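Here, each number is a calculation from the coordinates, and none is a lab measurement. Keep in mind it's a predicted model, so treat the numbers as computed, not measured. Note that each Cβ is placed from the backbone with ideal geometry, even for glycine, and that neighbours are counted across all protein chains shown.
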Amino acid sequence: MPVSQLTNPNIIFFITDEQRFAQHWPAGWAAQNLPSMDRLAKNGLTFLNAFTAACECSPSRASMMTSTYPQQNGVEVTFTTALNPSDPNLANVLAAANPAYPLIWKGKWHLSFPVSGGNWTEADIANLAQTYNVQQWNPPDAGTSLSGTATLGGGKGQNDRRFVCGPAPSGIPAESVLDFINNCNGSDPFCLVVSLVNPHDIFLYASQFEGSGYEDAPFEQLPIELPENQSDDLTTKPGIQLAFRTSYNASHPLTAAQQANYVKFYAYLQTLSDALFCQILDALTAKNLIDNSIIFRFADHGEMALSHGMQEKMYNAYEESMHIPLIVSNPVLFPEPAVTSAVVSSLDLVPTIAEIVGSPATTTLRGTSLVPIINDPEASVHEYGVVYTYDDSFNQPDTLSGHIRCLRTPQWKYAVYYSSAVTGGQFEYELYEMTNDPGELTNLAFGTVSEPIQQQWNTLHTQLTDLLTTLGPLPTGDFTWPVNPAGSNVWSPVT
């Protein structure tokens, strides 16, 4: 059934933080242990190749909200720059279609700062409504720190449960997700964003785990093993990867036993957010809202979880960091489960909503509507593939090549790592054939490069450059972007 047959559908986003596309798990584990994902997939379209446009938290969220890259929307570094209120975003797209189509936001925001400059208060609810046209937020924000317990999704923080079930903190009159659903009249369309923190709490393990409110018992027996690509020595990869891994692992060391528990804890955290989404699905069903609601289930970005020996998601373009889950679910559109292999971007979500609701506010959007794929899972909407960017910063010198521009096609991944802090620019490269090397262990751009690979490298570089030029994130600065770098510019990692 074409999506156009739904009349004024509700749009619902289920977002998690730092949840990668399911990988490195036993077959069937996700379906058995993440029942909300399974429920959505049974009446939905599962995207096997969805990728975030940017990393880390704030850049990925700003890119999703505005359908632009960080270099355009200005949110390049987490904790530093707020989303520009003058930039069109999801709320503007909805309002242009129907002024009475509200964007209701519940949960993690991470795109602006408290109006008081300190704690989140009732004033911030009004500020988000006035500044961004984001309605009925339920502060305080959460998942915005890599230390302490106050902003945790679970543990002592319990912010995810507060977002979904309540109660609101004293002095902040804010509805929970379940309150909002139970109070719906069922006749007026809405866009509801449910943005949960977990599995972002993975940063706790192991150095901050004690005293966090979490215990080992719920996850230490999970049948989750260390990833097969953990032992990558990174000597054939861009030098920033080894530099970051060395410094981060020095400040966040893990014993062999802790490494085994790290990947189990990461999986366990996903079951916590999934259980809350199940409660929301139950509430939507009880209010007869499911049939006329299109649910988009995705994450802002992924997590390495010891793949390539790395924690977190900084300074890399590996699948674990950029490959995200995406399910578009509605029982009328999908009476049976469907799957697509089309390569898509988080930039495509807002253009998709624009087409669904009939919004004319699309001139600034850099993504492409996924409606053709929703209507026909065999379709594709990107000629080459999609672009992933990284411009964030995390305790590494800017003389290292820590900025990334990456092209992901159905078969290939090609990434340019660069630093503009070095006179004339400094460039390093990654090239993977994803069909035969899904673990991304063999960097085909390193060392002596065969003639066929040089040709493929130059083809991908041309495609990447075309997309960067068209979409906006072509790097600027006092250096020249490479032209046909293969062969004549074989490199060794800079350390």
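Observations
- Taking the C-alpha atoms only, the angle from helix 57-66 to the longest principal axis of the chain is near 70 degrees.
- Residues GLN221 and GLN279, FRET efficiency given R0 of 22 Å [Cβ-Cβ distance, rounded to 0.05]: 0.30
- Remark: the chain carries a charge dipole of roughly 600 debye about the Cα centre, counting +1 on each Lys and Arg Cβ and -1 on each Asp and Glu Cβ.
- 222 nm mean residue ellipticity, helices alone, for the chain (DSSP H n ≥ 4; -39,500 (n - 2.57); rounded to 500): -8500 deg cm²/dmol
- Which of THR435, PRO139, ALA95, positive extreme of dipole for the chain (C-beta unit charges): ALA95
- Residue pairs, from the table LYS42/LYS287; LYS313/LYS413; LYS106/LYS264; LYS106/LYS413, whose Cα atoms sit over 25 Å apart: LYS106/LYS264; LYS106/LYS413
- Lys, Arg +1 and Asp, Glu -1 on Cβ, resulting dipole of the range 102-219 about Cα centre, debye, nearest 20: 100
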